[in-house]
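Have a look at the structure below before the remarks.
Values in this text are rule-based calculations from the coordinates and carry no lab data. All values reported here derive from a predicted model rather than from experimental measurement. When we count neighbours, we look across all protein chains shown, and the Cβ atoms used for this are built from the backbone with ideal geometry, even at glycine.
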Protein chains: 2
Amino acid sequence: MNAPFLYSQLVEDIAAAIACGSLAAGSRLPSVRRCAAERGISFNTVTMAYRQLEDRGLIEARPQSGYFVKSALGQPAQPLRHSPATITPTRESEQLVAMVLAAQAHGDHVNLALACPDGEHFYPADKLARLTAGLLRRQPGLVGRYALPPGPGRLPQQIARRGLALGMHLPPDDILITHGAMEALQLALRAVTQPGDTVGVESPTYFNLYPLLVSLGLKVLEIPTHPQTGLSLDALELLLAEKRLAAILAMPTVQNPLGCTMPLDAKRRLAELLRQYEVPLIEDALYAELQFGEALSPTVQSFDRDGWVMICASYTKTLAPDYRIGWLYAGRFAARVRELKFASSIAESALLSEAVGLFLEAGHYDSHLRGLRRRYAQNIDRMRGLIAAHFPAGTTATQPAGGFLLWLELPPQVDALTLFHAALAEKIVVTPGNLYSSGSRYRHCLRISCCHEMNERFVAALRRLGELAQAQASGGQPQIQ
Amino acid sequence: MNAPFLYSQLVEDIAAAIACGSLAAGSRLPSVRRCAAERGISFNTVTMAYRQLEDRGLIEARPQSGYFVKSALGQPAQPLRHSPATITPTRESEQLVAMVLAAQAHGDHVNLALACPDGEHFYPADKLARLTAGLLRRQPGLVGRYALPPGPGRLPQQIARRGLALGMHLPPDDILITHGAMEALQLALRAVTQPGDTVGVESPTYFNLYPLLVSLGLKVLEIPTHPQTGLSLDALELLLAEKRLAAILAMPTVQNPLGCTMPLDAKRRLAELLRQYEVPLIEDALYAELQFGEALSPTVQSFDRDGWVMICASYTKTLAPDYRIGWLYAGRFAARVRELKFASSIAESALLSEAVGLFLEAGHYDSHLRGLRRRYAQNIDRMRGLIAAHFPAGTTATQPAGGFLLWLELPPQVDALTLFHAALAEKIVVTPGNLYSSGSRYRHCLRISCCHEMNERFVAALRRLGELAQAQASGGQPQIQ
């Protein structure tokens, strides 16, 4: 057969497979090499066919990843409309968090809620266990040493080294080791606020910030956040000019739950605003090393010249959930957070932080991260495809810049809390949008974690969740299974 | 020789040795058995001689410990006079804590300040290291599990079991594992107070409470505390009746820094006051298992019937400083502290808490504690003898009921902060009394830790400290060494 025929044939085969759904939205096409081998045709022919399919809007190329069936699933196009208003979080929001946590305690439920892969297969658990056991063998006395801060050890140096890839020059002596990123956020907030102060946060934002802010007597101001470009700097500047914020807490790189990363210019402008208005930013960089793009977008801290950015992250999501090793570099507030750490929880375990330091020093971390990124990117594609196929018309889902979280906007008739309870009754746990704001703005939204193995059970749960949402969207009752 | 002569001879020998100082105040006499063997005389003869010396006021018998040269050193007899007044701790007190901490960072200094034995010889470090390594070998996947609270594991059960010896019936499911006792105190305070509230504390009290209370926006009310019987309940009741306290934070058993334990009746009355006025007590039981008495004095919690007592402790001072495993049972506030823990630092490492749980389960802890108690009691006696010999006339020191801390009241001419700096210049670190109150009430007091090996270097440092104090007391300059 001649090349033009082979080429058209391939285009039509794939187009038909997409049309009938046997190639689902979001799924990856075979690589050019593999397709050529399988069909016994040339690379060129396959490349031409793929380009043609791309031109027809049926597939899309993604850097470093290959070709994917283009999703019929739209992305949320803009922030839900709201004007910034000071909100004092209520006990209700805390109880909602407690309820969703309690739901996750059931080992036999399908957990689409937990934002952390649970299970050793996602971590170099064996290697870390060996490093830790080796430390115990060589230095059993480590157990009996009182860890006065800052504590010795190689971890701060390794954190500083890795910071370079995100554009940061962090002085190792001022990097405080914390009990996960959560304690880092807690200490940073306490360092720069007084009870009664107002803190600006993204909207939607990480749900566990609300109980934290409540417990510190802080008020919250939710700032509109674009699902693709992040924090609205225009809104932020207005608030800064009116002196309404004592601090800002944000995730400018791979935001939770939106997965978005602020454009470089926006990050630069944000750093400039902080300097101009002398207001600190607590930059949560938890997912910054899980960016999908080949070149990592630098942090806002990398544009900071006057120490107004306090940056934190942890190794909990990527390396050793059990070790709870996080860190905080607090810029001009470094001495203050060191004092607060001592008065709050003294110090971290030298054994655990040293084991993490040894792992990083050995250079294993980069290849591990590459594997995670690839896996999460695939999971997300697969999940978006499933959502497109099974969720009510009008549902949109984010296309995250990294990490493993998807944010869904469902048709307005769907109530996420009702959906949460309906799903829970069928042993499926999700996080309702209500958690991500102290208002009711996201009551038709959901966050779904794609950090688990996408097995049959998982896919069935997702499909069932879609059915439950469909039933709500059409005003009917879901079919009893 | 006949027995009466042998007996008188022994009495006079020992009396002479005490008089010339070759048997120092606080030092232990040889056991009856050993003395009899060494002198080739009968048990009875030695026993009679020791009783005669006791009658003459030269030595004293201590239960389970033997005979000791009676100390010329007095104990502080009553609380320093002051009326309770609300005090807002200042940044100054925080900076003082930071300064004393910084002084301890010098590895070549003699550290009489740190209230924690530093070094594996005080801990079953090898055994714990082996238990931890064994866990890692058998369950490397533990590293990769996300520790959602309350978390599984055997530690809460073991804590509940040990609580029985202190009169407590703690429900294991409500025992929260915390990052040392320090985080337990932090969470307990946040659970029952609002910024602006007033918390009652003992005076003097653990210095690290001041920065903690400041950082939470709390006011402090210092309650007179008797060096032998603890918190003044009359003063406390007055404050409770006036509704001036949102919570009380105290160490009714082996107080830091005084080392005193409240009498049983006082503990019972305290529990009754809490119930009557509906005010929570945060009971810090950090040293409760290091009581010297044969029968452990039960906690205030053991008298609690309505959940007003929140009790915490840790294994940091006795088992594994590096692991930072503490716990909190918060009575009626159990659900609240669980929420706060999650929003503050999520959870503790299951690896480390499980290793501690295994150690306790294996039954090693009691014999380890017995060894520590014996050692600390000896250190304290030795130290009191050295203080009597080398410190200015008029100096008093506590006779603690447990633990390893001594509280010294020096003559009023001595300024503890000046002494701190003079000692630091000679590489000796102590904690000045100023740290233990937000006022200047204890500016002539010192706390000294007796949890280190009492070697030559240590004794020389203590002697030098006495000389520096002497010089201040007599208004002169200390001799330059």
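Pairs from the table (B:K243/B:K317; A:K243/A:K317; A:K243/B:K341; B:K243/B:K267; A:K127/A:K427) lying more than 25 angstrom apart at Cα are B:K243/B:K317; A:K243/A:K317; A:K243/B:K341; A:K127/A:K427.
Based on C-alpha pairs under 8 angstrom that are at least 6 apart in sequence, chain B has a relative contact order of 21 percent.
Averaged over peptide B:122-128, the number of partner chain Cβ atoms lying within 10 Å of each residue's Cβ comes to 4.
Straight-line reach from A:K70: taking Cα to Cα under 15 Å and skipping same-chain neighbours fewer than 8 places apart, the aspartates and glutamates in range are A:E54, A:D55, A:E60, A:D381.
Using the average count of surrounding beta-carbon atoms within 10 Å as a protection proxy, the listed peptides A:278-291, A:131-144 rank, highest first, as A:278-291, A:131-144.
Fully extending the segment from A:H121 to A:E242 would add 38.6 nm, taking 0.36 nm per residue of separation and subtracting the current Cα-Cα distance. Per-residue Karplus couplings for segment B:302-308, computed as 6.51 cos²θ - 1.76 cosθ + 1.60 with θ equal to phi - 60°, are listed in order as 5, 9, 7, 10, 10, x, 7 Hz, Gly and Pro entered as x. Of all DSSP beta bridges confined to chain A, the antiparallel ones make up roughly 60%. Listed values for segment B:173-182 are Karplus-derived 3J(HN,Hα) couplings in whole Hz (6.51 cos²θ - 1.76 cosθ + 1.60, θ = phi - 60°), namely 5, 9, 8, 8, 7, 10, 7, x, 5, 4, and x replaces Gly and Pro. P(r) for the protein assembly as shown, from all Cα pairs and a bin width of 20 Å, is 13, 40, 30, 12, 5, 1, 0 %, short bins first. The mean number of partner chain beta-carbon atoms within 10 angstrom of a residue's beta-carbon across peptide A:345-356 is 6.
Our analysis of segment A:391-481 gives Rg over Rh at 0.94, with the two radii drawn from alpha carbon positions and Rh computed by the Kirkwood formula.
Roughly how many whole Å is it from the C-alpha centroid of segment A:374-416 to that of segment A:233-282? About 26 Å separates the Cα centre of segment A:374-416 from the one of segment A:233-282.
Legend: mean number of C-beta atoms from other chains within 10 angstrom of residue C-beta atoms, peptide B:320-328, equals 6.
Computed from Cα atoms alone, the Kirkwood hydrodynamic radius reported for segment A:124-365 is 18.3 Å.
Over segment A:294-448, the Kirkwood radius and the radius of gyration, each from Cα atoms, give a ratio Rg/Rh of 1.04.
Label-to-label distance for B:D306 and B:R332 is 0.6 nm, based on points extended 7 Å past Cα in the beta-carbon direction. Both the radius of gyration and Dmax for segment A:3-69 are 10.9, 29 Å, in that order, over alpha-carbon atoms.
Counting helices only, and only those DSSP H runs with n ≥ 4, report the 222 nm mean residue ellipticity of chain B as the sum of -39,500 (n - 2.57) divided by its residues, in deg cm²/dmol to the nearest 500. It lands at -13000 deg cm²/dmol. Compared with the alpha-carbon gap, the fully stretched path from A:F5 to A:S367 is longer by 126.1 nm at 0.36 nm per residue.
One way to sum up the overall shape of chain B is the equivalent ellipsoid from its Cα gyration tensor, whose semi-axes run 39, 28, 23 Å, largest first. In angstrom, the C-alpha Rg and Dmax of segment A:323-377 are 15.1, 41.
Here the mean projected area of the convex hull built on the C-alpha positions of segment B:281-373 is 6.8 nm².
Our coupling estimate for segment A:138-143, obtained by passing each phi through the Karplus curve with A = 6.51, B = -1.76, C = 1.60 and θ = phi - 60°, is 6, 10, x, x, 3, 4 Hz, Gly and Pro reported as x. Volume per residue for segment A:136-240 equals 174 cubic angstrom (convex hull of Cα atoms).
Note on segment B:281-322: along the principal axes its Cα atoms extend 34, 27, 10 Å, ordered by decreasing extent. Loop-resident GluC sites (Glu not before Pro) (DSSP state other than H, G, I, E or B) in segment A:181-273 with no more than 12 further Cβ atoms inside 10 Å of their Cβ: A:E242. Every Cα-Cα pair of segment B:108-188 was included, and the share exceeding 15 Å stands at 75 percent.
For a Förster distance of 51 Å, can you work out the FRET efficiency between the beta-carbons of A:E426 and B:E453, rounded to the nearest 0.05? Efficiency, rounded to the nearest 0.05: 0.20. Principal-axis analysis of the Cα atoms of chain B puts helix B:3-20 at an angle of about 70° to the longest axis.
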